[in-house]
């Protein structure tokens, strides 16, 4: 459906964005329902440690949306469909939203309001250090996601938003260090990130090579 949006017009684009919004909000809605059931009946399906499950699920969806955001550019280059870029900012904002909920769940449910301990935790636990650093770097990207910010920052906007690569590395590292034993899941996301960043490096080197050959031929 997305590949034909440019031909079908703005109505199809609005429908596609509405669908993406609905799909993106579904994990949060399911989790909210399970939290409600856990609170009312104690049987919300959140396992033996509901707090850990809530934090894990929110963090996992933040990482997934971050990977989807990074996947937009390669997909656009492979398919030749610039319309896909219309979804990149939306997915990035959902990554920030889920990351913020992940951090909020940690502060409210885990630290139970003793928020001053966060600084002690950041110093003591490396996985919290890198996770908090990733969230902090997401904040300026979310705040400058508007068209007004893009116009105001000009070329600096693209430079600022290259922080997303470092954020993704820190997010995967946060997940990897958080897991105590079974690293298969964080290893999967590390592999996905390697492919996404590797594609960019390969594409950039290919363009540089083509440009150098053209200059040599012209000279």
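Some values worked out for this structure:
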item	result
Matching residues, the range 118-142, being out of contact with any helix residue (DSSP H, G or I) (no Cβ under 7 Å at 6 or more places or on another chain), in a helix (DSSP H, G or I) and farther than 17 Å from residue 88 by Cα	119, 120, 123, 124, 136
Extreme residue, surrounded by the fewest Cβ atoms within 10 Å (Cβ to Cβ), among residues of the range 94-109 that are touching a helix residue (DSSP H, G or I) at 6+ places or on another chain (Cβ under 6 Å) and farther than 12 Å from residue 135 by Cβ	109
Lone qualifier among 142, 166 - being surrounded by 14 or more Cβ atoms within 10 Å (Cβ to Cβ) and under 21 Å from residue 59 (Cα atoms)	142
Evaluation of residue 145 against (1) in contact with a helix residue (DSSP H, G or I) (Cβ under 6 Å, 6 or more places away or on another chain); (2) assigned to a helix (DSSP H, G or I); (3) touching a residue at least 12 places away in the same chain (Cβ under 8 Å) (one fails), failing number	(2)
Enumeration of residues in the range 170-182 that are touching a helix residue (DSSP H, G or I) at 6+ places or on another chain (Cβ under 7 Å) and surrounded by fewer than 16 Cβ atoms within 10 Å (Cβ to Cβ)	179
The range 51-66, residues that are over 23 Å from residue 138 (Cα atoms) and crowded, with 20+ Cβ neighbours inside 10 Å	none
In the range 67-87, the residues that are surrounded by 19 or more Cβ atoms within 10 Å (Cβ to Cβ) and more than 21 Å from residue 188 (Cα to Cα)	84, 87
From 54, 14, 35, residue being assigned to a helix (DSSP H, G or I) and either in contact (Cβ under 8 Å) with a residue 40 or more places away in the chain or on the phi > 0 side of the Ramachandran plot (or both)	54
Counted residues, the range 172-212 - those being assigned to a loop (DSSP other than H, G, I, E, B) and over 23 Å from residue 135 (Cβ atoms)	2
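Conditions tested, residue by residue: (1) modelled with pLDDT of 95 or more; (2) within 22 Å of residue 133 (Cα to Cα).
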position	(1), (2)
6	no, no
23	yes, no
55	yes, yes
85	no, no
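The values are calculated or read from the model by the stated rules, or taken from the named source; none is laboratory data. For clarity, every value in this text was computed on a predicted model and none was experimentally measured. Neighbour counts run over all protein chains shown; Cβ positions are idealised from the backbone, glycine included.
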